[in-house]
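Scroll down for the structure; my scribbles are underneath it.
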Amino acid sequence: VPIAVVFGPGSVPVDLPRPLPFRDVQEMEISVNLRTSVTSRYEMIYRSSTAQEEAALAAGTAQEADAALRPLQDASLGSLTMYVVPETSPLLPEGVSVYVGKHRSALVRAGGSLAALHTRLRQVTQVMSFTASSIAAALSDRTPNGHLSPDARRYLKSSLDWDIEGAVNRYVKPVLDKLSLVANFSVDSQILYYAVLGVTPRYDKESSSFLLSAHSLPHVINPVEARLGSSAASLYPVLNFLLYVPERSHSPLYIQDKDGTPVSTNAFHSPRWGGIMVYNVETPASTQTSLPLHVDVDMARVMEVFLAQLRLLFGLSREEVPPEFLLESPGNEGMADWELDHLLWAHTVENIATVSTTLTSLAQLLDKIGNIVIKDDVASEVYRAVSSVQSAIAKLSMGHLHAAFQASKEAVTCSERAFFDPSLLHLLYFPDDQKFAIYIPLFLPMAVPILLSLVKIVRETRQCKKEPIKMD
C-alpha cells in the first residue's frame with residue numbers, strides 16, 4: 001500500500017528520526033491458516049506540504065479542504081494520502097482527531113509525538129485499506145470453520161406509482177458506475193401482482209399489526225423467487241431486491257429480529273441472494289374510499305435500504321471506527337473511493353486463491369487420467385493463467401492495485417477456460433469401468449467365434465501330437 005504522509009505547517013513532530021522527506025516501510029503478516037498467510041507492506045513517504053496543499057488546508061471546513069486537495073494527490077487505486085494538521089487546527093470539529101474524506105485522503109491531527117501520530121495513522125489505514133478480517137473473508141474457503149463471523153458467509157389492491165427507472169438512474173446507477181471496475185451490471189425490474197410470501201404472519205393484538213419473526217424469514221424467499229424471471233433468464237449471478245406490499249388483510253406487516261424487537265428498516269437480506277423490504281401502505285380512514293387506491297412509493301426511503309443491502313452483499317460493511325473518527329458520507333455514489341479500493345484488494349486476493357485452487361484441481365485430474373490428451377489451446381490457457389497470476393502478485397507487491405486486479409481477472413478467466421474445456425470435461429464422467437461397460441457389448445459377439453476357433457485349433461493340434469507317426 002503506497003501511503004503519503006504530508007505534514008502541514010506547524011504539524012511536524014519534534015521527535016522525527018530524520019529530516020523530511022524520507023521513506024519508511026512497515027510489514028505485517030496476516031495468517032489465514034497453518035499453510036496460508038498474506039504479508040502486507042505499507043510503503044510510507046513522509047514529506048512537507050506544498051504551497052498549493054497549504055492553501056487547500058487553509059479552507060474553512062474539512063469538506064472544502066477535501067475537495068480542494070483531491071486534484072493535488074495521487075489518485076491511483078489503492079493509494080492513500082494522510083494530511084497531518086496541527087492539534088489546534090479549526091478544520092476538524094472538537095473531539096474529532098481524524099476526518100476520512102470521500103476519496104483517498106484523510107485529515108489527521110498531529111498528536112504531539114511521533115508515537116501518537118503512528119497510532120492514529122495505523123487506525124486510519126485499518127479503516128481505509130484492507131484489514132485482516134477482510135482478507136480472511138476473501139480467503140474464506142481456506143479459513144477453518146468457525147473463524148469467520150456470520151456476515152462474512154451474508155396485496156393491497158392498489159395502483160402503485162413505482163418510479164423504478166428514475167430511482168435506478170438517480171440512486172443505483174452512480175453506485176454501479178463506481179463498481180464497473182469490479183464487474184459488468186445489468187438492471188431489470190418487474191412487478192408481480194397477488195404475490196404471496198408463503199408464510200402466514202402472526203397477528204399481534206397489542207400493536208394491531210402482523211408480525212414476521214426472524215426464524216420464518218428463510219421460508220419467505222422460495223415462494224417469491226419461484227415467480228421471478230431474472231434467475232431463469234440469466235447465466236450470471238443475480239442479486240434480487242424486492243419491495244413487498246402486503247395484502248390488505250395482513251397490513252400493516254412488520255419484521256421482528258431474534259430478540260422480538262421490530263426491525264427499523266422493515267427489511268432483511270439473504271447472503272448471495274439479495275434483500276426484501278416490506279412496504280406498508282396506510283389504510284384509508286374512510287370506508288367510503290374507492291379502490292384501487294393510488295399509492296406513491298417513497299423511492300428515496302426504499303433505495304436507501306436497497307443500497308445498504310447492496311453494500312453488505314458486496315462485502316462493503318464498514319469496520320467499527322474509533323469515536324474520534326469522522327467519516328464523510330459518499331453521497332449518491334454510494335461508496336467512497338477508498339471503499340472501492342477496499343473491495344478491489346479483497347477481490348484480487350480472492351481471485352489469486354481461486355486460480356491456485358482451479359489449477360491444482362486440474363493438475364490432480366491430469367495425474368489421475370493417464371491416457372488424457374491435452375490440446376494446445378488448453379495448454380495455452382494454463383500458461384496464460386499462471387503468467388497472469390504471477391503478474392497479479394508482482395503488481396500487488398508494488399502497490400499497483402488496478403493492474404493487479406485486471407491481471408487476477410484474466411487469470412481466473414483463463415484457468416476456468418482450461419478446466420472446463422470440452423475436450424477435458426467428458427473425461428471427468430468417463431472412468432475405466434464405464435469403458436468396459438460400453439465396449440464389451442460391441443466386441444463380445446465378434447470375440448465368441450474367434451475364441452471358439454482358437455479352442456478348435458488347440459484341440460486339433462493336441463490330437464495330431466497324440467497320433468503315432470507311420471514309418472515306411
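(1) open to solvent by 50 Å² or more (accessible area, probe 1.4 Å); (2) part of a loop (DSSP other than H, G, I, E, B); (3) within 18 Å of residue 279 (Cα to Cα): which one isn't true of residue 241, the others all being true?
(2)
Residues checked against (1) in a strand (DSSP E or B); (2) of a type in the set (Lys, Arg):
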{"position": "10", "(1), (2)": "no, no"}
{"position": "14", "(1), (2)": "no, no"}
{"position": "38", "(1), (2)": "yes, no"}
{"position": "41", "(1), (2)": "yes, yes"}
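With (1) within 31 Å of the chain's Cα centre (by Cα); (2) over 15 Å from residue 44 (Cα atoms) as the list, and residue 82 as the residue in question, which single condition is left unmet?
All conditions are met except number (2).
Identify the residue in segment 33-61 that is farther than 16 Å from residue 74 by Cα and of a type in the set (A, V, I, L, M) and, among all such residues, is modelled with the lowest pLDDT.
This residue is 34.
Restricting to segment 194-231, name every residue that is closer than 27 Å to residue 257 by Cα, part of a loop (DSSP other than H, G, I, E, B) and of a type outside the set (A, V, I, L, M).
194, 198, 200, 201, 205, 206, 207, 208, 213, 227
When you go through (1) open to solvent by 20 Å² or more (accessible area, probe 1.4 Å); (2) touching an Asp or Glu at 6+ places or on another chain (Cβ under 6 Å) one by one for residue 44, which number turns out not to apply?
It is condition (1) that residue 44 fails.
Okay, residues lined up against (1) farther than 30 Å from residue 395 by Cα; (2) open to solvent by less than 80 Å² (accessible area, probe 1.4 Å):
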{"position": "1", "(1), (2)": "no, yes"}
{"position": "12", "(1), (2)": "yes, yes"}
{"position": "19", "(1), (2)": "yes, no"}
{"position": "25", "(1), (2)": "no, yes"}
{"position": "40", "(1), (2)": "no, yes"}
{"position": "49", "(1), (2)": "no, yes"}
{"position": "55", "(1), (2)": "yes, yes"}
{"position": "75", "(1), (2)": "no, yes"}
{"position": "92", "(1), (2)": "yes, yes"}
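Kindly indicate which of 332, 351 is modelled with pLDDT under 80, of a type outside the set (D, E, K, R), touching a helix residue (DSSP H, G or I) at 6+ places or on another chain (Cβ under 7 Å) and outside any loop (DSSP other than H, G, I, E, B).
332
Just to check your reading of the model, which residue among 411, 394 is aliphatic (A, V, I, L, M), surrounded by fewer than 16 Cβ atoms within 10 Å (Cβ to Cβ), modelled with pLDDT of 90 or more and in a helix (DSSP H, G or I)?
Working: 411 fails: surrounded by fewer than 16 Cβ atoms within 10 Å (Cβ to Cβ).
Among 411, 394, only 394 is aliphatic (A, V, I, L, M), surrounded by fewer than 16 Cβ atoms within 10 Å (Cβ to Cβ), modelled with pLDDT of 90 or more and in a helix (DSSP H, G or I).
The values are calculated or read from the model by the stated rules, or taken from the named source; none is laboratory data. None of the values given here were measured: they were computed from a predicted structure. Cβ sites come from the backbone with ideal geometry, for glycine too, and all protein chains shown count toward neighbours. With ligands, DNA and RNA removed, areas are computed over all heavy atoms of the protein, side chains included. Shrake-Rupley method; radii C 1.70, N 1.55, O 1.52, S 1.80 Å.
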